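The values are calculated or read from the model by the stated rules, or taken from the named source; none is laboratory data. Only a predicted model underlies this, so the values are computations on that prediction, with no experimental measurement involved. Positions of Cβ are generated from backbone atoms using ideal geometry, with glycine treated the same way; all protein chains shown enter the neighbour counts. Each accessible area value is taken on the protein alone, full model and side chains, heavy atoms only, with ligands, DNA and RNA left out. Shrake-Rupley method; radii C 1.70, N 1.55, O 1.52, S 1.80 Å.
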Amino acid sequence: MKGFLITFEGIDGSGKTTQANLLYEYLKVKGFDVSLYRDPGGTPLAEKIREVIMEFSMDPITELLLFESARSSLVWEKILPDLCADKVVIMDRFIDSSMAYQGYAKEINLGTVSILNHIAIRGRKPDLTIILNVNLETALSRIRHKKTKFETPELLKKVRDAYILIAHSEKERDIRIVDANRDKEEVFKEIVCIVEDKLGV
Ligand SMILES: Nc1ncnc2c1ncn2[C@@H]1O[C@H](COP(=O)(O)OP(=O)(O)OP(=O)(O)O)[C@@H](O)[C@H]1O
Ligand SMILES: [Mg+2]
């Protein structure tokens with residue numbers, strides 16, 4: 001399979017954007033051809049859908065379909081071409097976010113979420129997924145200053161538990177749970193070990 005797809009997952013405030021950026025810069029300096037996208041986002045259409053999701057309150061199915069539309073756009077326009085060009089693609093959230101938030105936490109049928117994920121990604125699953133596992137209190141304290149809407153502590157607790165279930169149920173995938181309660185540098189050190197081992201450097 002060409003290219004290498006790495007996804008960062010975890011609850012709000014777990015450090016996904018921080019670690020994805022650190023890894024992007026690190027791999028670039030190492031000479032890798034690398035791209036970094038956020039999901040939802042990464043194409044003009046997907047960024048617009050992101051704004052719509054942030055602006056409106058909606059039922060979970062409508063929300064799921066919007067997330068999947070944005071993901072489909074990003075996969076088709078950016079991720080698949082990048083992987084074909086043998087790039088390392090780093091994702092700030094991806095399919096497991098839909099499974100954890102809309103599936104497990106908001107109780108949409110897991111099979112339905114799985115099928116929609118499969119359609120959106122054209123079957124191209126991540127090669128490596130890093131779940132940043134953090135205590136609820138730590139995550140909430142990190143995002144307290146944020147003005148944008150974020151989920152309730154009750155929902156985030158469900159999402160946190162869901163990510164652990166996903167890691168243990170998706171046996172055919174490589175999903176690593178990383179303790180993200182530690183400081184940024186320590187977390188990053190572990191991520192570099194995992195990624196370098198997978199990339200064979
Ligand atoms: N290991 C860490 N220790 C302390 N603070 C951290 C750590 N990682 C990230 N932060 C800080 O916590 C805040 C949230 O981090 P970040 O934006 O990376 O999380 P996120 O998982 O992307 O959140 P969201 O899901 O809301 O996008 C930021 O201000 C960031 O600088
Ligand atoms: Mg983020």
For I191, all conditions in the list (1) more than 16 Å from ligand 1 (Cβ to nearest atom); (2) within 15 Å of the chain's Cα centre (by Cα); (3) farther than 26 Å from E55 by Cβ hold save one; what is the number of the exception?
-> (1)
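Looking at the range 41-51, can you tell me whether even one residue there is within 13 Å of ligand 1 (Cβ to nearest atom) and assigned to a helix (DSSP H, G or I)?
The first filter runs over the range 41-51 and keeps only residues within 13 Å of ligand 1 (Cβ to nearest atom), leaving 41, 50.
This time we only want the ones that are assigned to a helix (DSSP H, G or I), so: 50.
Yes; the residues of the range 41-51 include at least one that is within 13 Å of ligand 1 (Cβ to nearest atom) and assigned to a helix (DSSP H, G or I).
If only one of D12, D59 is among the acidic types (D, E) and either more than 15 Å from ligand 1 (Cβ to nearest atom) or without any contact (Cβ under 8 Å) to a residue 40 or more places away in the chain (or both), which one is it? Give the steps one after another, and end with the answer.
Numbers: D12 fails: either more than 15 Å from ligand 1 (Cβ to nearest atom) or without any contact (Cβ under 8 Å) to a residue 40 or more places away in the chain (or both).
The unique qualifying residue is D59.
Please go through the range 72-126 and pick out each residue that is among the acidic types (D, E) and more than 16 Å from ligand 1 (Cβ to nearest atom). Break it down into steps so the answer makes sense when it comes.
Our first condition is that a residue be among the acidic types (D, E); within the range 72-126, this holds for 77, 82, 86, 92, 96, 107.
Within the range 72-126, E77, D82, D86, E107 qualify.
Residues that are more than 26 Å from H168 (Cβ to Cβ) and either crowded, with 16+ Cβ neighbours inside 10 Å or within 13 Å of the chain's Cα centre (by Cα) (or both): does the range 90-105 have at least one? It would help to see each step written out before you state the result.
Quick first cut of the range 90-105, residues more than 26 Å from H168 (Cβ to Cβ) only: none.
Scanning the range 90-105, I find no residue that is more than 26 Å from H168 (Cβ to Cβ) and either crowded, with 16+ Cβ neighbours inside 10 Å or within 13 Å of the chain's Cα centre (by Cα) (or both), so the answer is no.
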Across (1) aliphatic (A, V, I, L, M); (2) surrounded by fewer than 20 Cβ atoms within 10 Å (Cβ to Cβ); (3) closer than 23 Å to C193 by Cβ, L136 clears everything bar (3)
What residue, among those in the range 139-149 that are exposed (fewer than 14 other Cβ atoms within 10 Å of the Cβ) and not small (G, A, S), is farthest from N109 (Cα to Cα)?
-> H145
Out of curiosity, is T152 open to solvent by 40 Å² or more (accessible area, probe 1.4 Å), among the hydroxyl-bearing types (S, T, Y) and more than 24 Å from V195 (Cα to Cα)?
-> yes
In the list L45, L27, L80, L74, which residue meets the criterion of being surrounded by 19 or more Cβ atoms within 10 Å (Cβ to Cβ) and more than 16 Å from the chain's Cα centre (by Cα)?
-> L27
Can you spot a residue in the range 153-176 that is free of Cβ contacts under 8 Å to residues at least 24 places away in the same chain, part of a helix (DSSP H, G or I) and of a type in the set (A, V, I, L, M)?
-> no
Does G3 fit the bill of being more than 15 Å from ligand 1 (Cβ to nearest atom), crowded, with 18+ Cβ neighbours inside 10 Å and within 14 Å of I79 (Cβ to Cβ)?
-> yes
